[in-house]
1. How big is Rg to Rh over region B:318-422, alpha-carbon atoms, Rh as the Kirkwood inverse-mean-distance radius?
2. At a 10 Å Cβ-Cβ cut-off, how would you order A:ARG181, B:ARG462, fewest neighbours first?
3. Hey, with R₀ at 30 Å, roughly what FRET efficiency would A:SER343 and A:LYS263 work out to, going by the Cβ-Cβ distance, to 0.05?
4. Can you pull the one-decimal nm distance between simple spin-label points at B:ARG481 and B:LEU30, each 7 Å off the Cα toward Cβ?
5. Which residues in region A:92-106 have a backbone N closer than 19 Å to a point placed 7 Å from the Cα of A:GLN231 along the Cα-to-Cβ line?
6. Could you give the Stokes-Einstein D for region B:23-79 in µm² per second, using the C-alpha Kirkwood radius, 37 °C, 0.692 mPa s?
7. Using the number of other C-beta atoms within 10 angstrom as an exposure proxy, rank B:THR35, A:THR353 with the fewest first.
8. What are the principal axis extents of the Cα atoms in region A:50-146, in Å, biggest first?
Amino acid sequence: MCRLFAITSNEPLSPMIAMESMEVMKEGHDGSGVGLMLRDLAGPFEDMKDAPILSGIFTKNGIKRFDTFMVDLGFMTKYKLSIKVSKTPPPETPKRDMYLIRAYEYPKEWEGLSKEDKAQKLLELRLQLRKMGEEKDDMIVYSFWPDVIMIKEIGDPMQVARFLDLGRKELWARVILAQGRQNTNYSINLYACHPFFIQGYASMTNGENTAFIPIRDFLESRGFPGYSGYQSDSEVFTHILHYTTTQLGLGIEYYKHVITPLKDEDINDHHDADFLKHLKHSCRPLIIDGPNCVIGSLPDNSVFMVQDRKKLRPGVIGGRPGLYAFSSEMCGLDAAIPDRDKSKDFQPMYLDTAIVGPDRKEVFVCTQKDPLPPLH
Amino acid sequence: MYPKRSLTPSTLSVKDLPWQISWDQGKCTLCGRCTAVCPVQAIELGVFRKREVSTEINLMSLPENNIKIWYGIRQKTDPAYRCVGCAMCNLVCPNNAITPIRSDEIDKLRFHTNAGGQPRRRGGRRNNTESLLDQIKFIRISMLTDPALDAGRHEFEIRTMLGRILSPEENLLRIKENGWIPPVREIYPLIIGGMSFGALSPNMWEGLQMGVAYLNEELGMPVRISTGEGGCPPRLLKSRFIKYVILQIASGYFGWDEIIRAIPEMKEDPCAIEIKYGQGAKPGDGGLLMWYKVNELIAAIRGVPVGINLPSPPTHQTKYSIEEAVAKMIQSMSMAWGFRVPVCPKISATSTTLAVLNNLARNPYAAGLAIDGEDGGTGAAYNVSMDHMGHPIASNIRDAYLNLTRIGKQNEIPLFAGGGIGKTGNLAANAAALIMLGASGVQTGKYIMQAAAGCLGSESDRCNICNIGLCPKGITSQDPRIYRRLDPEAVAQRIVDVFLSFDTELKKIFAPLGRSTSLPIGMSDALGIDDKSAADRLHIKYVV
Ligand code: SF4
Ligand code: SF4
């Protein structure tokens, strides 16, 4: 089972906090890889919240091709974070030419584009880069989005973190999602590493997604370009989140109703029975069947946790106003925020969605039996 | 052979027949039960003459000649009275003295069952023991889902939907704008397939309906049953139980006069309307109820004279093209119930299924598509149609599902698979395989007849006389002297047994695959087969 840890804080934090919590949860894990998503960034990125940041790994050739490509499109580098690494990577971590984190200025032609249009174009670009990279095996692109950095690498999480010096000031952020990978296949494709990201939505999961194939088939047939190229059965959790919010225009309270709808009897007793019945019918292929704990993050920087319908996975949230952590194991939470009121720790059960909003004032819990917020 | 009998081309010996009666003189009590019960009078009391020669060791005495007469059972060899292998004689024999035995070679009878130029007609099944569905294994056992799902302890929701489901976007839009949202029924994924009132005896029908009502009202299992083409008794039409019934309309429109007239008095809407365009057992051929079975009751319900053959035309005669037929009929049927009842065509599996499906995909009123494969059964058909016409269900349902997936409508038009599900007894495994290939649910008739009423038919051409009203079990007979053998209460109880055990078996398949809260429709990664070409054809894994 993969280790999951997320933290959201009013004060910027070093990604190492997340790595240390993962280290505590290490027992019984092979730690074959690590994935990080940082958002609500501090440091140099604080003042460029709108500039799209590209995160990825490149070979020497790849970066040349990439630079030409970006210049041709009119993208100008605004800020570049160079990760210089020592010559010898930790065991199992392949030698890379370049870890790239670079903020861009939008091309002139993009000025005046609506937010949605920009979002669509950024997505298309990321997909195009991925395709280019796959053709020549010289670039891997994780995200291309404002105020978001993603880092994924193979190897023991702590060793990779030290190797890449993830504690550096430039990477401090207020929202951090981290996953320690439990390897299930020998050749690891970095696109299969959590967290997954699409247009501001991110999520990571542990456990198997047994309903992957029908869900994948459904998403791929939506005609939305981003729902493609699946390397992991967990990536669909992120895409369902994106689909529910952006395509269906439903809030996070609805997400769980899509992936783990209530039983028919419970729907009949619900305040919004009619709506939920239709949602369950029309989104039937998106039902997951667990066992999964999902931790995700939304474009407004909220962080949330949901469990599968049977609550087969552990998962806990704790902290205090201004600082909350989400962890797949209690010891991870203890390591990150030891001095919290533990009696207020919350373990979401099979009906709950636990959310810490952008203000980080409290853990807001909604259960599926609650009446739903009105539709816009 | 009697010496006086002439030797014609169609003169057969017992050896030439598919079923040969083995009778044990030592055990027989000559009670006469077998000859009385035999539905086709294949056996009769025989007087046998035997000469016994006895010679003493003593050479001085002359050999003696004794003629003995004894009584026993004689099997007729006239093709019209051939034994059908039903083994009712064996069932009633107090001493187990008689039993039919299947010929050890291809019988000669088959070359002579066309006396008068009339090819063989029969009921039953395809007489083919092969089952591709049985070859499919469930290979994706969830070893990583720790703790694994428990078929007995965890919550399962084994339900499917019958009705046109809108895309999520469209559905939300219609809610917002208060638009028409097509009716959708949440039902159990195993439907009792269409067997008409007329094909089945009143006792069988009553038993099925009682069983279905019990499953719904006492056990909370939303099981549905199709009427087949033959109408529906008015009392049922006007009762609350009609909501468990799928009313079928086919090219003969039998019974629809009664149904239309009953609409104003209906307390509940039927579950759905099924428009039958074809059936798997005899694709391209219409329904057939032979005159033997058209008694007063049947004639009244169907609105026809007594004692005539009732063939339905192969196509719906009032329409000149299938596209038009489908569109118009779906719309008129929807309108008849105020657009509150799903209307869903049923076709025989065919290489042109996708054309039908694409038409339906564009028709906003089409509520689903039932596809019936070549292994489907029937009450009456030409032997040639049953044995040689049709398309296997597995690849047809798979193609249909993948086609829907391509156009993004895999959730919008539920597919129901029929034909050969459980033909060798593996009902749950076959149903699960079809669901994972893409079916939203399955329909079965033969299995129900066998399990719930003790139908004797088999894939070795046993019995299969459903067409002539002599069903020895009273399942497909309209003669009260015969069908009183079948106790409706007992049928109902067996229906409940069948569904409960099916449910447990289905959970035993789904749980190890890590599926419980939704039906694993299209979960093809769970399937494997040890036949490379079949694996490629079905887009599932090849495993050896
Ligand atoms: S097996 Fe059936 S058809 Fe044959 S003799 Fe016995 S009762 Fe008659
Ligand atoms: S037992 Fe009845 S229903 Fe079954 S094959 Fe014989 S005649 Fe047909």
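1. 0.99
2. Result, fewest neighbours first: B:ARG462, A:ARG181.
3. 0.40
4. Taking the simple label geometry, B:ARG481 and B:LEU30 are separated by 2.5 nm.
5. A:92-102
6. Taking Rh from Cα pairs, D becomes 236 µm²/s.
7. Ordered from fewest to most neighbouring Cβ atoms within 10 Å, B:THR35, A:THR353 come out as B:THR35, A:THR353.
8. Sorted from largest, the Cα extents of region A:50-146 read 47, 27, 20 Å.
Any read-out appearing in this document is the output of simple, stated calculations on the displayed coordinates, not a laboratory observation. Since the model is a prediction, treat every value here as computed from it, not as a measurement. Counting neighbours? That spans all protein chains shown, and the Cβs are built from the backbone with ideal geometry, glycine included.
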